[in-house]
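A short worksheet on the structure shown next.
Just so you know, all these numbers are worked out from the coordinates, no wet-lab data involved. No experiment lies behind these values; they were computed from the predicted model shown. Note that each Cβ is placed from the backbone with ideal geometry, even for glycine, and that neighbours are counted across all protein chains shown.
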Amino acid sequence: MSKTRVIAVLIAMVLVFTIFSGCAKEEKSVVIYQNKVEINEQLTAFAAVYEAETGVKVIVKTAGGDTPYAENLKAEFQSDRQPEIFVVEGMGGYNTWKSKLAPYEGDEWIDLTALEFVVDGKVYGFPVAVEAWGMAYNVELLEKAGVDPATLTSQDAYAAAFAKIDGMKDELGIDSAVAMAAGPDMAWVTGLHNFNGYLSAGLELGDTAILDKLNKGEADVDRLTEYADWVELLFMYADEAVLLTGNYDAQVGQFATQKSVFIHQGNWIDPWLMDYLTDETMFDMAYAPHASVKGEHDAIFIGAPSFYVLNNESENLDEARAFLNYMATNAAGHNYMVNEAKMIPAFTNVTLIPNSPLSANVVKWLAKGKAGSYTWLQNDMPDGFGMGTIAPVYEIYAKGDITKAEFIAQLVDKIEALK
Amino acid sequence: MNRYTKNKIVFWLFVAPALIAFIVVVIIPFFMGIYYSMTDWSAIAGEETTFIGLANYKEMFSDVAFRYSFLRTFLFTLFSVISVNIVSLMLALLVTRESKFRNIFRAGFFVPNLIGGLVLGYIWQFIFKSIVPSMGTVFNIPALENLLILAEPNLTLLGVIMAFTWQYAGYIMMIYVAALMNVPQDLVEASQIDGANFWNRLRNIIVPMIAPAFTVTTFLTLVNSFKQFDIIIALTSGGPATLYGDQVVNSTELLAVHIYNVAFTYNRMAEGQARAIIFFLVLSIVSLAQVYYNKKKEVEM
């Protein structure tokens, strides 16, 4: 081999490496990196409408589910493909990303919502949508059982209603009074949503006293004891197979096929229901107050599940803010949120009403203002606490491996370990 | 330049692409990993990492969930190595017999290996949750009808072993088939003339002759079951929960799943990394010991 050939080979290698490292510069555009797979198409379509209107290109990137989204987001930041707008789900996400966030100031939409994400007086998050969960019921079956939903305002009322319904299983054609799931696939139902009953039920909207204690490693044993009665009630009147090994389809399916009167789920089951039920099989449904602790209740858990936040290293922040503002204040944005993406917008200027069964009912609860809502605090617990640490405790309690007293003791232990 | 230096240059030029790739994607990340396991790294760009020595390792060994996960992983590995090897050897013996359809059988047993672990996990979830209870209904066995396999810790582990065996046995079977075809026919015939029955032949001729295959198959099944991840994620998500002492633990959260959860669910990246390094060390030691032991058992013709 001659010297020139060796040099030629070296040059070729250098060229190959340059190709790998070289990368074309992108035009001025807004990248939104979001985690709702189900609205990817609709959001992309809306971004196209926005581009036609204003000339600013908005690129929608989507990664599915919760955990993979967090991982992929870290990868995006590590690889320097930083988005302008990304998603956090509350204090946990804020703490992870706070060094990267830029606050919103003076944006028009801030005055139109009560659900923006605020830390230390600064607005950091644009509410993506409003979601709610609680005890949804089948209107017709509940009527048939002779229970007036207006009376379901306390644990005792629920206990009486469940017992009555349980005795009428054959007449109503149901497997169990409640569709509840506590299996390994459903850790979010127990460890996050149900546990939020301990954190915020019966308290004023925005009250974080119990959560603050939890984050300091202190448990409110009395409240936990009241709450454990509620968990016991739900587990006692649930179908065993759905409770112990059921997944999302099994739980929602039990309610959709009218094999249960109640379901402990949120309005996000609407698309599932509308997919499965035809016009003939569709039935009326609504939410009853959520009585996780003692006392009288007339509220369900309403909140924004996730927020669009701004990346403070982005060069196109103004364009990003303009895009979100357009979504909240323009008719095209309202149409996208309500009619296309089937979400409940968090903004008071929206007059459209969703056509899906539970979401329409949530709008009524939302209209009650502060009195109709309990706070969403489940995303503000330390990472992994809800789904990783306490969900298995619910599971073994559901199986009957531990007693109610042990269940309470385990929860106290886990909370105290957060110190 | 003399011939010797020229040869050397050519040698290194040819080695370079593979060597550089190996260094960049294996060696460097490995040592970075060891470093990160001794820090409080959180994988967020712009966040400072500080060196904290062996704190992550101390934390790991005092964590009940980790110790339990280790135990379950060993249990799972032991049983699945045995089960995969027995099943695949039986299948291999079947498909090397004179049969019209043996190629179809070979392909058929191999097919589950082409299905991804996630899909396969969901298929078995369906079998355990829906097929088994409805079989109970059809044959009128109430015990089977009300059996919730995925709610019972040990049955679930058995279920994962079944699913893994179903996926992997076909692949291991192919290795056994290749080995069986290389068993000298004259030895087999001689034993037949001497009046040896099937079991004698299997024990004294076939098994010793395919000992090198055992080395390979045991190694593959051991390493793969130790690292099992996707089937578990789809089939059980680590559950069902159970009590270990007075601690609540996830009964099928094997090491790979456990490390993933620590790193990504709890967002404790550096701790996850420390556990991954221990995982790597233990797996290396166990598999090297196995290969060394099996090699000694091989016979030379």
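So what's the projected area for the protein assembly as shown, the Cα convex hull averaged over all directions, in nm²? Mean projected area of the Cα convex hull: 41.7 nm². For the stretch A:288-359, the extents of the C-alpha atoms along the principal axes are 51, 30, 18 Å, listed from largest to smallest. Hey, which lysines would be in cross-link range of residue A:414, C-alpha to C-alpha under 27 Å, not counting anything within fewer than 8 residues on its own chain? Cα-Cα hits under 27 Å: A:98, A:213, A:216, A:294, A:399, A:404, B:58.
Test of understanding: express the Cα radius of gyration of chain A as a ratio to 2.2 N^0.38 Å, with N the residue count.
Numbers: Rg = 24.4 Å, N = 419, 2.2 N^0.38 = 21.8 Å.
Against the compact-globule rule of thumb, the ratio is 1.12.
A crude spin-label estimate for the pair residue A:248 and residue B:193, with each label 7 Å from Cα along the Cβ direction, gives 6.9 nm. Here each label is just a point 7 Å from Cα along the line to Cβ, and for residue A:57 and residue B:9 those points are 4.6 nm apart.
Consider all pairwise Cα distances in the stretch A:126-267 and report the whole-number % of them above 19 Å. Working shown, then result.
Values: 5406 of 10011 pairs.
Roughly 54 percent, rounded to a whole number.
Under a 10 Å cutoff between Cα atoms, tell me which one of B:163, B:151, B:21 has the largest fluctuation in the Gaussian network model of chain B. Maximum fluctuation in the GNM of chain B, among the listed residues, is at B:21. Between the stretch B:114-134 and the stretch A:141-157, what's the alpha-carbon centroid distance in Å? Taking the Cα centre of each part, the stretch B:114-134 and the stretch A:141-157 sit 39 Å apart. Here the relative contact order of the stretch B:57-297, from alpha carbon pairs under 8 Å that lie six or more residues apart, stands at 29 percent.
So for the stretch A:222-274, considering every pair of alpha-carbon atoms, how many percent are separated by more than 13 Å?
Details: 867 of 1378 pairs.
Above the 13 Å cut-off, the stretch A:222-274 has 63 percent of its Cα pairs.
Candidates A:54, A:391, A:292 compared by Cα position along the dipole of chain A: farthest toward the positive end lies A:54, with charges placed on Cβ.
The calculated pair-distance distribution of the stretch B:146-227 uses every alpha carbon pair, bins of 10 angstrom beginning at 0, and gives 16, 33, 25, 17, 8, 1 percent.
What's the Cα-based Rg to Rh of the stretch A:29-161, Rh via Kirkwood?
On the way: Rg = 20.5 Å, Rh = 18.3 Å.
Answer for the stretch A:29-161: 1.12.
Hey, can you list the DSSP H helices of chain A whose Cα span along the axis is 15 Å or longer and whose average Kyte-Doolittle score is at least 1.6? Walk me through the intermediate numbers first.
On the way: long enough: A:3-21 (27 Å, 2.02); A:40-54 (21 Å, -0.15); A:67-78 (17 Å, -0.94); A:155-167 (18 Å, 0.02); A:221-236 (22 Å, 0.31); A:317-329 (18 Å, 0.05); A:357-367 (16 Å, 0.81); A:404-416 (18 Å, 0.12).
Once both thresholds are applied, what remains is A:3-21.
According to the Cα-based calculation, Rg over Rh for the stretch A:94-176 is 1.29, with Rh computed by the Kirkwood formula.
For chain A, a Gaussian network of Cα nodes joined below 10 Å ranks A:309, A:31, A:362 by mean-square fluctuation, and the top entry is A:31.
Using C-alpha pairs under 8 Å with a sequence gap of at least 6, the mean separation divided by the residue count of chain A gives a relative contact order of 27 percent. Dipole magnitude for the stretch B:57-297: about 460 debye, using +1 per Lys or Arg Cβ and -1 per Asp or Glu Cβ, origin at the Cα centre.
Taking all pairs of distinct Cα atoms, average 1/r, flip it, and tell me the Kirkwood hydrodynamic radius of chain B in Å to one decimal place.
Numbers: mean 1/r = 0.0439 Å⁻¹.
Result for chain B, one decimal place: 22.8 Å.
Provide Rg over Rh for the stretch B:210-301; use the alpha carbon set for both Rg and the Kirkwood Rh (inverse mean inverse pair distance). Looking at the stretch B:210-301, the ratio lands at 1.11. Scaling the Cα radius of gyration of the stretch B:54-172 by the globular reference 2.2 N^0.38 Å produces a ratio of 1.37.
What order do you get for A:154, B:130, A:200, B:62 when you list them from fewest to most C-beta neighbours inside 10 Å?
On the way: A:154 16, B:130 12, A:200 27, B:62 8.
Lowest count first: B:62, B:130, A:154, A:200.
Just want the answer: with Cβ charges of +1 for Lys and Arg and -1 for Asp and Glu, which residue in A:124, A:70, A:88 is farthest toward the dipole's positive end in the stretch A:61-153? After comparing all options, I get A:70. Taking every DSSP helix (H) stretch of at least 4 residues in chain B, weighting each as -39,500 (n - 2.57) and dividing the sum by the residue count yields a mean residue ellipticity at 222 nm of -21000 deg cm²/dmol. Computed from the C-beta positions of residue B:289 and residue B:25, the FRET efficiency with R₀ = 30 Å rounds to 0.65.
Which of B:239, B:136, B:33 moves most in a GNM of chain B, Cα contacts under 10 Å? Highest fluctuation among the options: B:136.
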